[in-house]
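To start, the structure under review is shown below, and the notes come after it.
The values are calculated or read from the model by the stated rules, or taken from the named source; none is laboratory data. If you're wondering where the values come from, they're calculated on a predicted model, not measured in any experiment. Methodologically, a virtual Cβ is constructed for each residue, glycine included, from the backbone with ideal geometry; neighbour enumeration extends over all protein chains shown.
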Amino acid sequence: MENILKINKLSKRFGRIQAVDKLELEVSAGQVFGILGPNGSGKTTTLGMILDVVAPDEGDYEWFGNMPHTEARKKIGAILETPSFFPYLTAVQNLRITAHIKQCGENNIEPVLKQAGLYDRRNDKFKTYSLGMKQRLSIAAALLSDPPVLILDEPTNGLDPEGIAEVRALIRNVAKQGKTIIMASHLLDEVQKVCTHFCVLRKGKKLHEGSVSETLGEINKVEVAADDIKILEKVIGEFPGKTDYTVDGASLLVTMKDDFTATDLNDFCFAQGITLKKLFTHRNSLEQEFLKILREND
Amino acid sequence: MIRALKLEWLKIRNYRIFWILTGMYLLALLVITSGGTFFLQWLKSEGADFRGIDPTIIPINDFPDIWQNTTYLASYVIFLLAFIVIISVNNDLTYHTLRQNVIDGISKKEYLASKMLMIISMAVVSTLLIFFAGLVNGAIYSHVRGAEYIFDQMEFLAAFFYQIVIYCSLAFLLAMLIKKAGFVIVALFLYTIMFEPIVAAILINAPFFRDGIAPEIAQFFPIKAINNLISVPFGRYIFMEIQDYVSLKSVAIATGWFVVYLGLIYYILKKRDLK
């Protein structure tokens, strides 16, 4: 797959704090790549470095193969933290500046303002906008040049539930068009809902990298119970689709092999003369995985 | 080039404070270039005279003296342009629009270019205004005519242009260093009209200093370096000898500061994290 971003041993230190520590990452075309990590784990600093607003101490990065960085940034729509516009200019006037820098022409200004729901207020000054509107204008600006890559830093921070749903729908929409999205978030649920790939950062170090579905699929567990737990345990011991099981109170927690499902387990037990009174597939959440990854690296 | 300049234009063309300051500056230039005659008439009406000479016959508008006279006076209001630069740079820092511009796809060099081109444009417009005002006033009042007089001492127009570019670069640098626009404006203003002139005057005139190298050192002060490009011309009307040319030494010192300012601005842009 076409390589969009390649980060090579990127490091940044702020005083005594190593914000980013020899970070290596690769993002391919079409991925929705989540950078997960607790607050202060170096997510924003990393995004700042690949957008040339934070000077790295060490290491480098490549956009789109080896495109000059200024050219590459014109093909990236980015929202970093707070919306930054001139308060004394209107939405349209602010977006003209963006269009001028991105060299993308001004034809897209009206459509993106409509998309962001700001069309009626397009000739009002930025300083009269509410926080939600300011954020939506950032999104409009990021989409202005119809960029193949979007970078979002905590995209739903500070939005109301409706706004959050809108932004997530927008991200999925954009991803569906085959665009690449790189987003930083500390909201695991958010990454799980929209991302295809993710990495976990802590104290500037990468702890884990992988695809969301694989990571969640890895530890597919089924919880079962029967009237006689002893016999159930014996039967489960013979089940070919398991990799492991543990006794959890009155239930058994069976870790399944990749190609087996709860249906297989149910059929097997029934064939062995056991009727299950409980059959429950654990859909692992990224939260559990995330905590596990953090624990493993303690 | 045009692209970088247009970026700046998009930022300031709908900015009221920019137009207010520009209006004040243009008004000040108008008064300076055309007010001299009226000022002398006023002096006469107040009964002033210079060793028995009627003030209104002082030939301040004669070619080529008019160039040094007007550019010298106009250099007093350059600080208004410096305010525009300080406010525009400060806006980019406080509104994080410099950061946003970089994210959107300009380089730090292009940013430097956009501000410098704005400064140069202001300098070009100012110099042209002084030139045309000089032509008009000279045409009305000058006692001598002819191209050899009119276009003599044009170097003062170039020096005036250079003064604006250097002084505004200093303002640019200070605005990058100190993020409180109000403070920078007050500090630069007071330094320009009070602190440095007082220190320089002491170094040059005080008995303790004047025979050593102190007066020489004073020539290297940043504001002195800019002011020295155009010497005070009015001594000639009371029969004092004046420097009626732009000295190469003053150009060299001023250029030294200009290089320092540009270098520091670029260094800060390059090194500082935009947060």
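Count of segment B:104-115 residues, restricted to those that are away from chain A (no Cβ under 11 Å) and without any contact (Cβ under 8 Å) to a residue 60 or more places away in the chain, is 0. Screening A:GLY249 with (1) in contact with a Phe, Trp or Tyr (Cβ under 6 Å, 6 or more places away or on another chain); (2) exposed (fewer than 12 other Cβ atoms within 10 Å of the Cβ) gives one miss only, at (1).
Of the residues making up segment A:182-240, those that are closer than 30 Å to A:LEU10 by Cβ, in contact with a strand residue (DSSP E or B) (Cβ under 8 Å, 6 or more places away or on another chain), hydrophobic (A, V, I, L, M, F, W, C) and surrounded by fewer than 19 Cβ atoms within 10 Å (Cβ to Cβ) number 1.
Whether any residue in segment A:168-177 is assigned to a strand (DSSP E or B), of a type in the set (Lys, Arg) and closer than 23 Å to A:ALA29 by Cβ is what I want to check. Taking every residue of segment A:168-177 in turn, none turns out to be assigned to a strand (DSSP E or B), of a type in the set (Lys, Arg) and closer than 23 Å to A:ALA29 by Cβ.
Total residues in segment A:255-277 satisfying the condition of being loosely packed, with under 14 Cβ neighbours inside 10 Å and either farther than 27 Å from A:ASP189 by Cα or touching a Phe, Trp or Tyr at 6+ places or on another chain (Cβ under 6 Å) (or both): the figure is 7. Of the helices (runs of 4 or more DSSP H) lying entirely inside segment B:1-103, those containing at least 3 residues that are touching a residue at least 12 places away in the same chain (Cβ under 8 Å) and away from chain A (no Cβ under 14 Å) span B:16-45, B:65-74, B:78-94. Screening A:ASP52 against (1) more than 9 Å from every other protein chain (Cβ to nearest Cβ); (2) touching a helix residue (DSSP H, G or I) at 6+ places or on another chain (Cβ under 6 Å); (3) in a loop (DSSP other than H, G, I, E, B) leaves a single unmet condition, (1). Filtered by the rule that a residue be in contact (Cβ under 8 Å) with a residue 40 or more places away in the chain and either aliphatic (A, V, I, L, M) or part of a helix (DSSP H, G or I) (or both), segment B:230-249 gives B:ILE230, B:VAL232, B:PHE234, B:ARG236, B:TYR237, B:ILE238, B:VAL246. Looking at this structure, is B:TYR261 within 14 Å of chain A (Cβ to nearest Cβ) and at pLDDT 90 or above? When the stated conditions are applied, B:TYR261 does not pass them. In segment A:194-212, the count of residues that are of a type in the set (Asp, Glu) and outside the structural domain of A:ILE151 (by TED's automatic domain parsing) is zero. Among the residues of segment A:93-118, those identified as in a helix (DSSP H, G or I), more than 10 Å from chain B (Cβ to nearest Cβ) and crowded, with 17+ Cβ neighbours inside 10 Å are A:LEU95, A:ILE109, A:VAL112, A:LEU113.
Here is a yes/no grid of residues against (1) farther than 28 Å from B:LYS224 by Cβ; (2) surrounded by fewer than 15 Cβ atoms within 10 Å (Cβ to Cβ):
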| site | (1), (2) |
| --- | --- |
| B:GLN41 | yes, yes |
| B:GLU46 | yes, yes |
| B:ILE53 | yes, yes |
| B:ILE58 | no, no |
| B:PHE63 | yes, no |
| B:TRP67 | no, no |
| B:ALA74 | no, no |
| B:PHE79 | no, no |
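Out of curiosity, is A:LEU137 outside any helix (DSSP H, G or I) and under 30 Å from A:LYS6 (Cα atoms)? The answer is no for A:LEU137.
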